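These notes are about the structure you will find just below.
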Amino acid sequence: MKLALATWVEVEDYLKDNDGIIVPIGSTEQHGPTGLIGTDFIIAQGIAEACAEQLGCYVAPPLAVGMAQHHMAFPGSMTLHPATYIQVLVDWITSLSKHGFRRIYFINGHGGNIAPTLTAFNEFYAGVSLKPETEESKTLCALASWWTMPNTDALIRDIFAEKDGAHATASEIAITQYLCPESIKPAAPDLFVAAAGTPLDIHNGYDYRRRFKDGRIGSDVRAANPEDGGRVFKQAVKDITEHCTKFFQS
Ligand SMILES: [Zn+2]
């Protein structure tokens with residue numbers, strides 16, 4: 001159920017017997033010469049809506065711009081400062097908690113969001129822990145980055161092996177090909193693929209572009225196809241639905 005398509009009356013009714021909600025978080029950033037700029041939030045939103053359907057819970061609108069300062073030398077990328085990102089997330093959590101959502105489950109599509117998301121959780125918790133106890137002490141948050149779910153990761157290794165790479169991965173591009181078939185961009189047959197073991201200690205956006213000229217990190221996007229994207233997507237939905245079910249029951 002999409003929060004955006006509900007009325008406040010329906011939400012108030014839902015909260016009488018339920019307290020779980022899923023929030024997709026992603027990024028708007030370059031994904032190499034063939035990947036969509038919306039890749040990270042398109043995937044997070046797709047998985048989140050499918051999981052919410054299975055769980056019968058609400059799914060919030062996606063946070064479509066994340067912490068992506070290291071992609072800013074590539075046109076079309078957008079970022080929040082880390083401190084802004086953290087504050088935005090704290091405000092989202094506080095808003096949902098105020099209404100009585102007590103289990104807030106974030107489905108993430110972007111590696112750069114992981115550290116500031118966990119910091120946002122602790123910022124919210126600090127606000128609770130430093131005051132006399134209120135109902136908000138029952139509000140808990142969880143984070144699932146879809147590609148790190150063990151069975152999803154195993155399937156990605158199985159299908160793409162070392163061709164997956166570390167950014168603009170074959171698997172994430174394959175999922176967007178499955179979800180947005182009208183926007184598939186063909187890869188050049190003679191595409192250069194960086195050697196495996198490429199360093200990941202990227203600093204700023206210029207440093208990134210100097211070292212990874214077309215934006216990919218070690219991925220061979222010629223391996224991406226919508227059929228395999230669908231397989232990975234469905235595995236991620238299964239893994240995350242199971243994980244979220246346990247969290248909602250905790
Ligand atoms: Zn991505």
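The values are calculated or read from the model by the stated rules, or taken from the named source; none is laboratory data. Computed from a predicted structure; not experimentally measured. Cβ coordinates were reconstructed from backbone atoms using ideal geometry, including for glycine residues, and neighbour counts include every protein chain displayed.
Only one residue in Ser171, Ser219 is in contact (Cβ under 8 Å) with a residue 40 or more places away in the chain, outside any helix (DSSP H, G or I) and of a type in the set (Ser, Thr, Tyr), so which one is that? Walk me through how you get there before you give the answer.
Numbers: Ser171 fails: outside any helix (DSSP H, G or I).
It is Ser219.
Got a sec? Which of Thr34, Thr84 is away from the ligand (no atom under 16 Å from the Cβ), surrounded by fewer than 24 Cβ atoms within 10 Å (Cβ to Cβ) and not basic (Lys, Arg)?
Unique residue meeting the criteria: Thr84.
I'm checking my understanding of the structure. Among residues of the range 134-147 that are in a helix (DSSP H, G or I) and closer than 30 Å to Thr39 by Cα, which one is farthest from the chain's Cα centre (by Cα)? Only one residue fits best here, namely Trp147.
When the range 197-250 is filtered for residues that are among the acidic types (Asp, Glu), touching a helix residue (DSSP H, G or I) at 6+ places or on another chain (Cβ under 7 Å) and at pLDDT below 95, only Asp220 remains.
Restricting the search to the range 161-189, which residues are of a type in the set (Lys, Arg) and within 23 Å of His70 (Cα to Cα)?
Lys163
Could you check, for the range 124-133, whether at least one of its residues is outside any helix (DSSP H, G or I), surrounded by 17 or more Cβ atoms within 10 Å (Cβ to Cβ) and among the basic types (Lys, Arg)? Steps first, answer last, please.
At the first step, the residues of the range 124-133 found to be outside any helix (DSSP H, G or I) are 130-133.
Checking the rest, the ones that are also surrounded by 17 or more Cβ atoms within 10 Å (Cβ to Cβ) come to none.
No, there is no match, as no residue in the range 124-133 is outside any helix (DSSP H, G or I), surrounded by 17 or more Cβ atoms within 10 Å (Cβ to Cβ) and among the basic types (Lys, Arg).
Close Cβ contacts (under 6 Å, 6 or more residues apart or on different chains) running from residues in the range 43-64 that are over 17 Å from His243 (Cα atoms) and in a helix (DSSP H, G or I) to residues that are modelled with pLDDT of 95 or more and of a type in the set (Val, Ile, Thr) comprise Ile43/Ile175.
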